1. Of the residues V21, V15, which is touching a Leu at 6+ places or on another chain (Cβ under 8 Å) and at pLDDT below 90?
Amino acid sequence: MPEFNRPLRKGQGSVKSKNWVCLLEQIKENNHTIRNLTGEYKKIEPDCREGVRAQLERMKELHKKRNNLYEKQNDLKGQKWKIGKSLER
């Protein structure tokens, strides 16, 4: 008789049924761990999202300031070029 079907003791079932019970317990334990991890994630996630939102807003501000400075630089370069041309005459 294969080992997984052999009764352990009279009236206690087979090794196969014991393995099934062990697997069932492991599944329950894993599900419990998954629920705990999901709970921790849900506690942390809103703060992370808020942090990301704040960073995106800051990046938008910096991008806008940089673009404004680029425009001013181009205007200044244009004025410099015009002044340089007028001095050449």
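1. Values: V21 fails: touching a Leu at 6+ places or on another chain (Cβ under 8 Å).
Being touching a Leu at 6+ places or on another chain (Cβ under 8 Å) and at pLDDT below 90 holds for just one of V21, V15, which is V15.
So that you can scan it fast, the table gives a plain yes or no per residue for (1) hydrophobic (A, V, I, L, M, F, W, C); (2) outside any helix (DSSP H, G or I); (3) surrounded by fewer than 10 Cβ atoms within 10 Å (Cβ to Cβ):
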position: H32; (1), (2), (3): no, no, no
position: E57; (1), (2), (3): no, no, no
position: L76; (1), (2), (3): yes, no, no
position: K80; (1), (2), (3): no, no, no
position: G84; (1), (2), (3): no, no, yes
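The values are calculated or read from the model by the stated rules, or taken from the named source; none is laboratory data. All of these numbers come straight from a predicted model, not from anything done at the bench. A quick note on method: Cβ atoms are made from the backbone with ideal geometry, for glycine too, and the neighbour counts reach across all protein chains shown.
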